[in-house]
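The values are calculated or read from the model by the stated rules, or taken from the named source; none is laboratory data. Everything numeric here is computed off the predicted structure, so don't read it as measured data. Every residue, glycine as well, gets a Cβ built from its backbone with ideal geometry; the counts of neighbours run over all protein chains shown.
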Amino acid sequence: MHCLAARNLLLTGFAVLSMALLAGPGTAEEKAAAPAGPPASPIFGVTVPEGYRDWPLIAVSHRTDNKDELRAILANDIAMKAFRTNTLPFPDGSIFAKLAWKREPMKEFAGAWVPGVAPRIEFMVKDSKKYASTGGWGFGRFIDGKPAEEAAHKTCFPCHQANVKDRDFVFTRFAP
Ligand code: HEC
């Protein structure tokens, strides 16, 4: 009896396996079950670019209006080249990354300030066709690796547009 049950189980398992094999890869069910791609920002579908932490530094900033934060603005090679050659608008494929940290006193030395908790990272990706309605830029804000909500993404372009329209919507200037 015990043996029969085991055999039945084995047969069922085999049947399920053969069905899966027969169905082959790429069925609708399998695609639905497959893990989704990297998390993308709402509205724009911007994802965290691979290797961004190794990109060259454009400049740093210190914001004190509503957040006491240190920031570093990085750019990929395409955007960096445009900076170096004073090219505006930035070509398609340009990406900026903005890293931000809470400003904290250095424990070992009074008067020195260092990066604390990183509340978010942000990106701007240039694709003049895909993002035509937002100056050619797609925006993405990530908190703990997860995209911020849609409402936050509605604020990105209006602020960049209101302040730096004549600089292709980019605030940061290269700090030599
Ligand atoms: C209220 C104004 C405001 C809003 C809203 C805003 N930004 Fe910015 N952004 C700035 C300022 C000011 C800078 C300059 C660097 C800094 O913040 O220290 C900047 C810089 C950036 C940069 C670096 C490139 C550049 O333009 O200098 C990126 C990337 C960026 N923002 C992404 C975003 C994203 C994504 C959103 C929406 C989720 C957003 N920003 C919303 C004001 C804004």
Review point. Out of the range 136-145, which residues are without any contact (Cβ under 8 Å) to a residue 60 or more places away in the chain and either surrounded by 14 or more Cβ atoms within 10 Å (Cβ to Cβ) or not in a loop (DSSP other than H, G, I, E, B) (or both)?
Key: Gly136, Trp137, Ile143
Study note, to complete from the structure: Only unsatisfied item for Thr155, checking (1) without any contact (Cβ under 8 Å) to a residue 12 or more places away in the chain; (2) closer than 14 Å to Ile73 by Cβ, is (2)
Exercise for review: Please enumerate the residues belonging to the range 80-91 that are in contact (Cβ under 8 Å) with a residue 40 or more places away in the chain and either within 19 Å of Tyr131 (Cα to Cα) or of a type in the set (S, T, N, Q) (or both).
Suggested key: Leu88, Pro89, Phe90
**Study point:** Of all residues making up the range 88-105, the number that are under 18 Å from Ala175 (Cβ atoms) and away from the ligand (no atom under 15 Å from the Cβ)
**Key:** 0
Check your understanding: Is it true that Pro89 is in contact with an Asp or Glu (Cβ under 6 Å, 6 or more places away or on another chain) and not assigned by TED's automatic domain parsing to the domain that holds Ala162?
Key -> no
